[in-house]
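A short reminder: the numbers here are calculations on the coordinates, not readings from a lab. Computed from a predicted model, the values in this text were never measured in an experiment. Note that we place each Cβ from the backbone using ideal geometry, even for glycine, and neighbour counts take in every protein chain shown.
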Amino acid sequence: MISRARRYLPAAALFIGVLAGWELVVRAFSVKQFLLPAPSAIASALLEHRDELAAAAGSTLYEAIGGFAIGGTAAIAVALATARWTAARSALLPFAIAANSVPIIAFAPIMNNWFGVLSPLSKMMVVAVLVFFPIMINTVRGLTLVDPASLELMRSYAASEISILLRLRIPNALPFVFTALKVSATLALIGAIVAEYFGGAQSVLGQYIITEAAFFRFANAWAAVVVASASSIAFFVIILALERLAIPWHASARSPDA
Amino acid sequence: MAARTLSARRRVSDASDRSGTGSSVVSISAVHKVFSDGDQRTVALEGIDLDIARGAFVSLIGPSGCGKSTLLRLIGDLTQATTGTITVNGKTAHLARLARDYGIVFQAPVLFDWRTVERNVELPLELERLPQAERQRRASEMLALMELGGFERHYPWQLSGGMQQRVAIARALSFEPALLLMDEPFGALDEMSRERLNLELLRIWQKTGTTVVFVTHSIPEAVFLSTEVVVMSRRPGRIVDIIKVDLAQPRNDLTREDPRYFELVTRVRETLRRRDTPQTTDST
């Protein structure tokens with residue numbers, strides 16, 4: 001426990017140092033609050049608008065998690081299908097890789113048009129499309145990048161394809177899937193907030209930030225950014241915890257002294 | 001080259017064989033194996049005739065690229081012969097694989113990271129659809145036999161290389177196959193672990209009566225372990241000679257000091273060297 005605290009000490013010290021430096025610079029040079037509000041101002045805005053911010057964060061997380069679930073489920077289903085049918089894989093994968101470099105967020109206004117500006121579904125669809133490709137590509141990799149000797153071992157036991165899938169390919173894919181899920185957790189929140197910038201219900205983080213900034217209430221906008229960051233980190237940590245539970249055998253879960 | 005019959009000394013064994021048909025477990029006749037890669041044709045094996053008697057411990061030895069691993073994989077139906085026939089346990093190699101007549105151990109342990117030691121050993125038993133209790137009983141029995149008792153719940157990465165390879169052997173023998181195929185199983189281990197595992201393997205072979213086909217490039221290892229050493233030539237791989245190892249059973253550390261052991265090691269070495277000079281190919 002003590003060694004753990006010591007491990008995080010430098011990071012904590014840096015964090016406090018930066019905040020203190022920021023506060024000092026803003027006060028010493030009387031920086032205008034619309035350029036950069038002081039941390040103390042952001043903290044008080046956070047406290048003052050906590051109910052509003054909590055509601056907005058709740059709505060945004062709902063969109064992010066909903067989209068993440070839709071996109072992730074679809075991606076894993078497609079990956080399983082393509083891993084099973086090689087022809088489908090060689091036809092689909094080049095497009096998937098190409099689509100992965102498309103700035104999906106550019107579709108946000110179109111999604112608003114399709115699913116309704118005020119509906120959380122339009123944001124969920126942006127997020128779903130955003131997380132689909134990394135999750136799908138990684139899952140396919142995990143299902144297909146199997147040690148040839150392991151496959152040969154299964155063949156020596158005359159194992160069926162379904163048995164190879166369940167006992168070898170899927171467990172082999174899990175670390176790949178979780179790597180993609182962790183990346184996508186952050187991506188989901190970015191997607192949801194940016195999609196909200198293109199229009200959405202009032203009580204969401206994206207709209208809150210836009211409105212407050214438009215009225216020069218920059219401390220409030222910054223407070224919303226802090227809440228968005230915290231939500232994103234929380235989502236990531238939840239996925240991380242799920243990973244530890246699901247694949248305790250994996251190298252990422254091994255304690256360094258074991 | 002005429003067909004040669006390996007006559008292993010019959011031993012009393014307490015293990016039950018899966019099929020009692022005939023005295024040879026592996027019977028290979030006129031096998032050729034050609035690898036084609038585009039226009040490139042490589043003759044890996046040429047005119048292989050070999051019979052392996054039930055209960056024998058046969059080593060395949062030869063220079064790298066002589067096709068000894070290919071021959072082992074042919075027996076296991078992990079690759080197919082270009083011409084010729086291979087019979088395993090009274091069936092074609094293909095049917096023998098489908099009937100799970102052999103267990104295999106590779107140079108790497110090939111354990112599944114996500115399974116504990118015990119569950120790795122249970123893998124072939126799961127595929128045989130044995131009930132859970134029976135699987136567990138057999139796995140713990142095999143692990144005890146491999147002196148791995150107490151490590152059932154460990155994950156492979158928590159074990160040393162030698163221990164991992166012992167788990168692989170336990171897994172290969174857990175379903176009591178008639179035949180054990182081993183492809184340089186101790187090649188990646190240090191000398192100490194290797195010698196220890198040699199002794200352990202012999203003890204298990206004595207106890208189970210399994211027929212073993214063992215690929216190695218270590219001459220002392222081949223002589224120490226085997227009842228017969230099959231010496232192969234450089235590509236195209238042929239059987240140059242089959243040297244019967246008449247050292248007393250059971251073998252132990254003293255075997256390595258027996259003058260007869262040195263004689264046989266020298267004989268295998270000379271056979272290999274004679275065959276290694278390219279000019280003298282096919283003079284038998």
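Per-structure values
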{"item": "Per residue, the convex hull volume that the Cα atoms of the range B:116-198 enclose (Å³)", "result": "94"}
{"item": "Gain upon complete extension [residue A:213, residue A:44; 0.36 nm per residue less C-alpha separation]", "result": "59.2 nm"}
{"item": "Signed unit charges on C-beta, dipole axis of the protein assembly as shown, positive-most listed residue B:169, B:224, A:100", "result": "B:224"}
{"item": "Fluctuation leader among A:188, A:12, A:38 - chain A, Gaussian network, Cα springs under 10 angstrom", "result": "A:12"}
{"item": "Calculated FRET efficiency for the pair residue A:102/residue A:166, C-beta based, R₀ 30 Å, to 0.05", "result": "0.35"}
{"item": "Semi-axis lengths, Å, the protein assembly as shown, gyration tensor of Cα atoms, sqrt of 5 times eigenvalues", "result": "64, 26, 21"}
{"item": "Relative exposure of B:77, B:190, B:39, A:147, judged by other C-beta atoms within 10 Å (fewest first)", "result": "B:39, B:190, A:147, B:77"}
{"item": "Residues A:16, A:42 arranged by fewest to most Cβ contacts within 10 Å", "result": "A:16, A:42"}
{"item": "FRET efficiency, residue B:192 to residue B:35 (Cβ-Cβ, R0 30 Å, nearest 0.05)", "result": "0.25"}
{"item": "Separation of the residue B:137 and residue A:35 label points, Cα + 7 Å toward Cβ, nm", "result": "8.2"}
{"item": "Coil-residue chymotrypsin sites (Phe, Trp or Tyr not before Pro) of the range A:184-250, DSSP, other Cβ within 10 Å capped at 15", "result": "A:215, A:216"}
{"item": "Relative contact order computed over the range A:120-192 (Cα-Cα under 8 Å; 6+ residues apart), in percent", "result": "57"}
{"item": "Assigned charges on the beta-carbon of Lys, Arg, Asp, Glu; the range B:50-131 dipole about Cα centre (debye)", "result": "160"}
{"item": "Dipole of the range A:152-249 [Lys/Arg +1, Asp/Glu -1 at C-beta], most positive-end residue of A:178, A:153, A:202", "result": "A:153"}
{"item": "Relative contact order (%) - chain B, alpha-carbon pairs under 8 angstrom, separation at least six", "result": "24"}
{"item": "Total lysine pairs whose alpha carbons fall under 28 Å of each other in the protein assembly as shown (8 or more apart, or interchain)", "result": "10"}
{"item": "Within the range B:108-265: Cβ-based charge dipole about Cα centre, in debye rounded to nearest 20 (Lys, Arg +1; Asp, Glu -1)", "result": "320"}
{"item": "Fraction of beta bridges assigned by DSSP in the protein assembly as shown that are antiparallel (%, nearest 5)", "result": "50"}
{"item": "Neighbourhood net charge (14 Å Cβ-Cβ; Lys/Arg +1, Asp/Glu -1) for residue A:150", "result": "+2"}
{"item": "Peptide-level mean, for A:141-151, of C-beta atoms on other protein chains within 10 Å", "result": "2"}
{"item": "Gaussian network model of chain B, Cα within-10 Å springs - most flexible of B:42, B:211, B:116", "result": "B:42"}
{"item": "Chain B - Rg over Rh from alpha carbon coordinates, Kirkwood radius", "result": "0.96"}
{"item": "Cα-projected label distance for residue A:8 with residue A:24, points at 7 Å along beta-carbon direction, nm", "result": "2.6"}
{"item": "Cα gyration tensor, chain A - rounded (a/c under 1.5), prolate or oblate", "result": "oblate"}
